[in-house]
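Chemist: Handing you this structure, nothing more for now.
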Amino acid sequence: MNHEPALELDCRDLRCPLPVIELGKHIEQVALGEVIGVIAADPAAHYDIPAWCRMRDHEFLGEAAASDGTPRYLVRRLV
């Protein structure tokens, strides 16, 4: 499966809970099965984004580093 984001959100300067709020606002901008990436420096995003995926029935694909080293979280839209 392709893990390349169809849409990427730059939430580097946003603090909890704003990265998750932005994810919720934009998830429907990608088609079912597509991936959205969230770049977030806030350490809470490490816990918040996977938890949001479980609660909203989306697939958390994991965490990797963006080109500048900031954590990047990948979410596949399932509903």
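Chemist: Taking the Cα centre as origin and putting +1 on Lys and Arg beta-carbons and -1 on Asp and Glu beta-carbons, what dipole magnitude results for region 18-79, to the nearest 20 debye?
Modeler: The dipole of region 18-79 has a size of about 120 debye.
Chemist: For region 6-79, what proportion of DSSP beta bridges, expressed in % and rounded to the nearest 5, is antiparallel?
Modeler: Of those bridges, close to 75 percent are antiparallel.
Chemist: Per the Debye formula with a single identical scatterer at each Cα and no solvent contribution, what log10 I(q)/I(0) holds for the chain at q = 0.21 Å⁻¹?
Modeler: -0.85
Chemist: Just want the answer: with Cβ charges of +1 for Lys and Arg and -1 for Asp and Glu, which residue in 58, 18, 41 is farthest toward the dipole's positive end in the chain?
Modeler: Of the options given, the answer is 58.
Chemist: Still on this structure, please answer the following. Figure the gain on full extension for residue 65 and residue 12 (residue separation times 0.36 nm, minus the Cα-Cα span) and round it to one decimal in nm.
Modeler: Full extension of this stretch gives 17.9 nm more.
None of the figures in this text is laboratory data; all of them are computed from the coordinates on show. As the structure is a computational prediction, the values presented were derived from the model and not from experiment. Every residue, glycine as well, gets a Cβ built from its backbone with ideal geometry; the counts of neighbours run over all protein chains shown.
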